[in-house]
Amino acid sequence: MTAQKKKPFTVVGERLPRYDGADKMTGKAIFGPDVTLPGMLHGFVLRSPHAHARLLSIDTSRAEALPGVYAVVTGADLPPAESTDHRYARDNTFASDKVLYAGHAVAAVAARTPTLAEQAARIIDVEYELLPAVTDVLDTTRDDAPILHDDMRTRSLAGRGNKSSNVASHFQHMKGDPARGFAEADVIVEREFHTATVHQGYIESHATVATWSDDGVLTIHTTTQGSFAVRDHVVWLLNLPMSKVRVVPTEVGGAFGGKNTSYVDVAAALLARKARRPVKITMPRPDVFLATGPSSGAVFRVKLGATRDGRITAAQAELFYAAGAYPGSPVGSGANVLFGPYAIPNGQIDGYDVVTNGPRVSSYRAPGGTPANFAAETLLDELAEKLGLDPIEFRLRNHAREGDERLDGGTHGHIGGIEVLEAAQACEHYTAPLEGGPHSGLHRGLHRGRGVAHAAWGNWGGRSSCALSVNGDGTVSLVTSSVDLSGTRTTIAMQAAEALGLPPERIKPSVGDTDNTGYADVSAGSRTTYATGIAAIQAAKDVIAQMRARAAALWDVPVETVGYADGVFSTADALRFTLAELAEQVTSSGGSVSSIANVDVGEWGAGFSTHIADVEVDPETGKVTLLRYTVVQDVGQAVHPAMVEGQMQGGATQGIGWALYEGYAYNDAGQMLNANFLDYKIPTSLDVPMIETVIVEVPYPKHPFGVRGVGEPPILPPPAAIANAIYRAVGVRPDHLPMTPAHLLEKMGVIESRIMNHDS
Amino acid sequence: MAIVHIPPLMRDLTGGRDKVSVPGKTVAQVIEALDAVYPGTKARVCDSDHLAPGVAVSVDGVVARLGLHAPVKPDSILRFLPVIEGG
């Protein structure tokens, strides 16, 4: 349902068929693993079984001697590193002196078949000297922890540390006087939270095909969120001229931030160069878990204080984020999410980026935000309860408004967070009694409970490019360099159609490659419909200006006298061309009409989301059943409401996975125990009820149509909304993700009592 | 002159001051001017001729995509922030 509708549009706001729908429904769309080239070989990457070890030697001779093997490569085939960051990226492609996680690549083989490539890789002799491994983020910070990088010193604005450390960096946000703020508080709550490493869980594995032309041009077909990001990564690691690398993106079967980064493109390029034939690498599912970039496991120590009348006076938090083998966790954005929606006068947040013996983390949909929101919104709920306030009312009393300063030093722009909370407060789900449970969030039910959580996510703009060219039949071809992950060629084309005054079926959108489009940042940060949409609108305006000039020339009238509306050029003298009629004469009246717009969008509108969860908890088994779930979100202007709802539902479902099911399990040697979809459970249709959606539209004024990013905010609130519902159902506050039955039974004292009964 | 908010972890260099006014038409010039008044500040936020890894700068509330080359107005407000990524 839509709570508000601000501005009428012709195309924007309609539920249209997706341009890519037919090919995807009929299986004709080409995804990464579908790409096949003549003479193509298959690559396989040999990975370390050890989480931490010195790499003493690699003997590839037996593999190279195997019939049908065309090439074997190791880290020795990579150019030397030129900087610390370069060395990290190089070593994460193929280990050099040490392996830092179970799954770390040490060599790769290209052979006639995938099976032969794997068999050959398995007979490469690798000699390791084992070292103690550490995967827990707090264990890693202890003085006696094994050091991953001898030359790593903690980096911060206080300077560089003077001894080796696994803490790669530390930052601090400070606002007001936190000590005074807590002294003014009547109620203070404080807890520690632990959250597991989780994976994006995209169904399509990473897959790439590399091939070299005889004149030394490398072409890579790959599944990625950013063709230019892959190109730049390959250029960087192979020390190639940019003009010698072309990246062609395929359709993408799920990414969620995990395909911002390149993993096997360089290995495939090295193998293809050595074998002088195209090489394809498709990562097996265990490799995807072991060796791509999941999200951080994290620990939070959070404290909040408020006065009796429900005003938050101070906040304090420490965040420890596991980065995996190399620095770069999303602890910065986790800190932004933590108390993001609220106007808090005094606060301090300290964030620590910590290396661990795990795969180097990558972005995952609102990176770092979901576990932070779990910690903060659990405490918000506890404060509201202690103050005797409705949880939404408490959030409204403390909500930020435009111009308020955030704890991270930024300033809130034009935001719709209050409108979202008010829509949640008014929606039927929140006002309806919970059957079999309490009627409001203020009372503990025995087994059923309702919880809410609220979140803010900053979104992004960035660099985008969009080209339009008018065809002789009045259609318009649209080529963008933004990879389409979720239907964005449709939402971009709809904005172009709106700006051109044409029906959407007259637009022919496609995604280009790095040789035939302008530069674009990765399709990430909820930016593509927003920023690439702005590029499309700009190009459309230029096309109209050019076409007006053509009409003026054909009619021999001043261009100022030519108007354009709803696909028709006209003058006050009743001269008239439809765009299609004029398009027929374009080629013969001065050549093609086309335009390319390149933008670097520096401002964007934040997204807010409130979730309401009803749960039932089985006190005997600890099993949590979701009874009802609603997502309320400000999307600025919904370009395609059905796809917006899909984003809200998909994000919530992934957040439910964070909440109840997902987590990397490691043994004491640092090896992952559940690197497959049988043992690593993601939510299925059997676990999730029909997720209800309420679209709130508070237009963002710096987008021509009011659009805000949509994809990331809905993954943030589920763990806290469900945890708060669990509290009302059974009276305990979960402080670990995932909230497994074992965790809840332990919290409820059931496991301990059962053990005691057993012992007795 | 532009106002630079000094992060808490750098205030050992500014005698505890949390805001400093310095001239400059770009972020680089502002940082140079800051370093002239409070030596050592540039080394905290820059790595040779770039912003240090993990460090971003905002000018008037907008993260500066041009980094050290970003323009600064006479009344601009600058802040140093951790780099943020999206998924």
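The values are calculated or read from the model by the stated rules, or taken from the named source; none is laboratory data. As the structure is a prediction and not an experimental result, all values here were calculated from the model. For neighbour counting, all protein chains shown are included, and Cβ atoms are generated from backbone atoms with ideal geometry for every residue, glycine included. Ligands, DNA and RNA are excluded from the accessible area calculation, which covers all protein heavy atoms including side chains. Shrake-Rupley method; radii C 1.70, N 1.55, O 1.52, S 1.80 Å.
Need one word for the protein assembly as shown: rounded, prolate or oblate. Basis is the Cα gyration tensor (sqrt eigenvalues a ≥ b ≥ c); a/c below 1.5 gives rounded, then a/b vs b/c decides. Note, shape of the protein assembly as shown comes out rounded.
Under 12 Å of direct C-alpha separation, and excluding same-chain neighbours fewer than eight residues apart, A:LYS98 reaches these aspartates and glutamates: A:GLU127, A:GLU129, A:ASP150. Note down the nm distance, to one decimal, between modelled labels 7 Å out along Cα→Cβ at B:ARG65 and at A:ALA549. Placing both labels 7 Å along Cα→Cβ, they lie 2.5 nm apart. What you get for the stretch A:209-259, charging only the Cβ of Lys and Arg (+1) and of Asp and Glu (-1), is a dipole of about 120 debye around the Cα centre.
Taking the DSSP bridge list for chain A and keeping only pairs wholly inside it, about 75 percent are antiparallel. Between the residues A:THR154, A:ILE123, A:SER164, the greatest Cα displacement towards the positive end of the dipole of the stretch A:71-189, with unit charges on the Cβ of Lys, Arg, Asp and Glu, is found for A:THR154.
Think of a 1.4 Å ball rolled over the protein heavy atoms: the stretch B:2-82 then has 47 Å² of accessible area per residue. Peptides B:8-19, A:380-391 ordered by packing proxy, namely the average of other Cβ atoms within 10 Å per residue, highest first: A:380-391, B:8-19. Only aspartates and glutamates eight or more places from A:LYS28 in sequence, or on another chain, were considered; those with a Cα closer than 13 Å are A:ASP20, A:GLU251. Largest to smallest in accessible area, the residues A:TYR519, A:TYR680 fall in the order A:TYR519, A:TYR680 (1.4 Å probe, all protein chains included). Treating only the Cβ atoms of Lys and Arg (+1) and Asp and Glu (-1) as charged, compute the dipole magnitude of the stretch B:2-82 about its Cα centre; round to the nearest 20 debye. With only Lys, Arg, Asp and Glu charged at Cβ, the dipole is about 140 debye. Report the one residue of A:THR693, A:HIS429, B:ALA52 whose Cα lies farthest in the direction of the positive end of the charge dipole of the protein assembly as shown (charges on C-beta: Lys and Arg +1, Asp and Glu -1; origin at the Cα centre). Sorting the options by dipole projection puts first B:ALA52. Listed by chain and number, the aspartates and glutamates placed with their C-alpha closer than 18 angstrom to that of A:LYS681 are A:GLU204, A:ASP287, A:GLU662; residues fewer than eight positions away on the same chain are left out. Taking all protein chains together, A:GLU190, A:GLU419, A:GLU498, A:GLU697 sort by accessible area into A:GLU190, A:GLU419, A:GLU498, A:GLU697, largest first [probe 1.4 Å]. Residue-wise HN-Hα couplings along the stretch A:521-529, as the Karplus relation 6.51 cos²θ - 1.76 cosθ + 1.60 with θ = phi - 60° gives them from phi, are 5, 4, 7, 7, x, 6, 9, 6, 4 Hz; Gly and Pro carry x. Taking the Cβ-Cβ separation of A:ASN674 and A:GLU620 as r and a Förster radius of 25 Å, what is the calculated FRET efficiency to the nearest 0.05? The value I calculate is 0.50. Under the simplified labelling scheme, the B:LYS73-A:ALA665 pair shows an inter-label distance of 5.8 nm, with each label point 7 Å from Cα along Cα→Cβ.
For the stretch A:558-586 and the stretch B:28-76, write down the distance between their C-alpha centroids in whole Å. First find each Cα centre; the distance between them is then 50 Å.
Taking every DSSP bridge with both residues inside the stretch B:2-82, close to 90 percent are antiparallel. Temperature 20 °C, viscosity 1.002 mPa s: under these conditions the Stokes-Einstein estimate for the stretch B:2-82, based on its Kirkwood radius over C-alpha pairs, is 175 µm² per second.
Only protein heavy atoms count here; under a 1.4 Å probe, A:SER362 has an accessible surface of about 10 Å². Taking the Cα centre of chain A as origin and assigning +1 to Lys and Arg Cβ atoms and -1 to Asp and Glu Cβ atoms, the resulting dipole is close to 660 debye. Dividing the Cα radius of gyration of the stretch A:290-384 by its Kirkwood radius returns 1.04 for Rg/Rh.
When B and A come together, around 2100 square angstrom of accessible surface is lost from both chains combined, probe 1.4 Å. In the stretch B:2-82, a dipole from Cβ-located charges (positive for Lys and Arg, negative for Asp and Glu) runs towards its positive end, and of B:LEU13, B:VAL62, B:LEU34 it is B:VAL62 whose Cα lies farthest in that direction. Taking R0 as 25 Å, what FRET efficiency do you get between A:ALA426 and A:ARG308 from their Cβ-Cβ distance, rounded to the nearest 0.05? Calculated transfer efficiency: 0.40. Remark: the stretch A:714-721, residue by residue, has Karplus-estimated 3J(HN,Hα) of x, 7, 6, x, x, x, 6, 4 Hz, where x stands for each Gly or Pro and the curve is 6.51 cos²θ - 1.76 cosθ + 1.60 at θ = phi - 60°. Global size of the stretch A:5-145: 22.7, 69 Å for Rg and Dmax (C-alpha atoms, Rg to one decimal, Dmax whole). Computed extension gain for A:GLU435 through A:HIS86, at 0.36 nm per residue and net of the alpha carbon distance, reaches 119.9 nm. Model label sites at B:HIS50 and A:THR684, defined 7 Å from Cα along the beta-carbon direction, differ in position by 4.6 nm. For the stretch B:32-57, list whatever residues lose no less than 50 Å² of accessible surface once every protein chain is in place, relative to that chain by itself, with the probe at 1.4 Å. Residues losing area: B:ARG44, B:PRO53.
Rg then Dmax, both in Å and based on the Cα atoms of the stretch A:656-760: 19.2, 71. For the stretch A:681-696, backbone phi angles converted through the Karplus equation (6.51, -1.76, 1.60; θ = phi - 60°) give residue-by-residue couplings of 8, 10, x, 10, 5, 7, 9, 10, x, 4, 7, 7, 10, 10, 7, 10 Hz, Gly and Pro being listed as x.
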